[in-house]
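What follows is a short report on a single structure.
The values are calculated or read from the model by the stated rules, or taken from the named source; none is laboratory data. Computed from a predicted model, the values in this text were never measured in an experiment. FYI the Cβ positions are ideal-geometry reconstructions off the backbone, even for glycines, and counts take in every protein chain you see.
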Amino acid sequence: MQELLDKWGIKVDYNILLSMWNESHRSYHTQNHLLELIEQINEHKSKLSQTQYEKLMLCALFHDIVYDPMCQDNEEKSSEFFINCCSEKNNSDLLEIKQMILDTKNHESSSELSELFNHFDMKVVESDYEKLLEWERGIHDEYKSYGDLYKSGRLNFLESLLDKYPHNTDNLLKLIEYVKTNY
């Protein structure tokens with residue numbers, strides 16, 4: 001990864017980035033989430049140009065680099081952190097990666113590559129119930145400071161996924177019921 005950062009003129013040590021992914025307040029948005037994204041990108045590598053592959057890898061590395069559950073601007077801060085690490089601030093490829101990071105806020109894609117990354121980022125929603133429950137527990141642990149507000153916000157979010165992921169309705173409905181009865 002350090003070679004990739006160096007190749008793209010991104011002036012940050014990979015170990016510093018990993019330490020950010022390992023911050024104690026993270027339960028879901030951890031190195032495991034990063035590694036799952038990297039695995040998915042690697043699985044699709046043969047379908048991508050080298051540049052697309054590298055953009056996706058950089059987006060994975062930086063998309064949740066700044067993560068504070070008490071803040072509403074993590075994606076903005078992550079994209080700014082990314083661009084501030086770049087030697088060239090106006091390079092169109094780097095600006096595209098910055099936009100892809102911003103696109104993860106609402107998972108609304110601005111390009112085909114962004115759409116692919118958002119799919120990878122939300123892949124957990126297509127999982128079986130056990131994996132969804134693991135995801136929920138991690139998210140809850142990160143956001144438990146919100147108290148009762150967590151439950152209503154989370155239910156709204158999970159219910160919004162039903163139309164987007166109709167093939168996993170049964171598992172999502174079980175997860176919604178879990179949130180309703182356990183918080």
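Points to keep in mind about this one:
- Unmet requirement for TYR53, which otherwise passes all of (1) of a type in the set (Ser, Thr, Tyr); (2) under 19 Å from SER24 (Cα atoms); (3) surrounded by fewer than 21 Cβ atoms within 10 Å (Cβ to Cβ): (2)
- Residue within region 37-53 that is charged (D, E, K, R) and in contact (Cβ under 8 Å) with a residue 24 or more places away in the chain present: no
- Pick from region 124-148, criterion of a type in the set (Ser, Thr, Tyr), part of a helix (DSSP H, G or I) and surrounded by 13 or more Cβ atoms within 10 Å (Cβ to Cβ), ranking: modelled with the highest pLDDT: TYR129
- In region 111-123, the residues that are without any contact (Cβ under 8 Å) to a residue 12 or more places away in the chain and either within 19 Å of GLU75 (Cβ to Cβ) or crowded, with 16+ Cβ neighbours inside 10 Å (or both): GLU115, HIS119
Yes/no matrix, rows are residues, columns are (1) surrounded by 15 or more Cβ atoms within 10 Å (Cβ to Cβ); (2) without any contact (Cβ under 8 Å) to a residue 24 or more places away in the chain:
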site: TYR150; (1), (2): yes, no
site: PHE157; (1), (2): no, yes
site: SER160; (1), (2): no, yes
site: HIS167; (1), (2): no, no
site: ASN171; (1), (2): yes, no
site: ILE176; (1), (2): yes, yes
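- Inside region 64-96, residues that are touching a strand residue (DSSP E or B) at 6+ places or on another chain (Cβ under 7 Å) and over 25 Å from ASN32 (Cβ atoms) make up a count of 2.
- Residue check for LEU102: surrounded by 15 or more Cβ atoms within 10 Å (Cβ to Cβ) and in contact with a Gly (Cβ under 9 Å, 6 or more places away or on another chain): no
- Total residues in region 57-79, condition under 21 Å from ASP6 (Cα atoms) and either among the hydrophobic types (A, V, I, L, M, F, W, C) or free of Cβ contacts under 8 Å to residues at least 12 places away in the same chain (or both): 8
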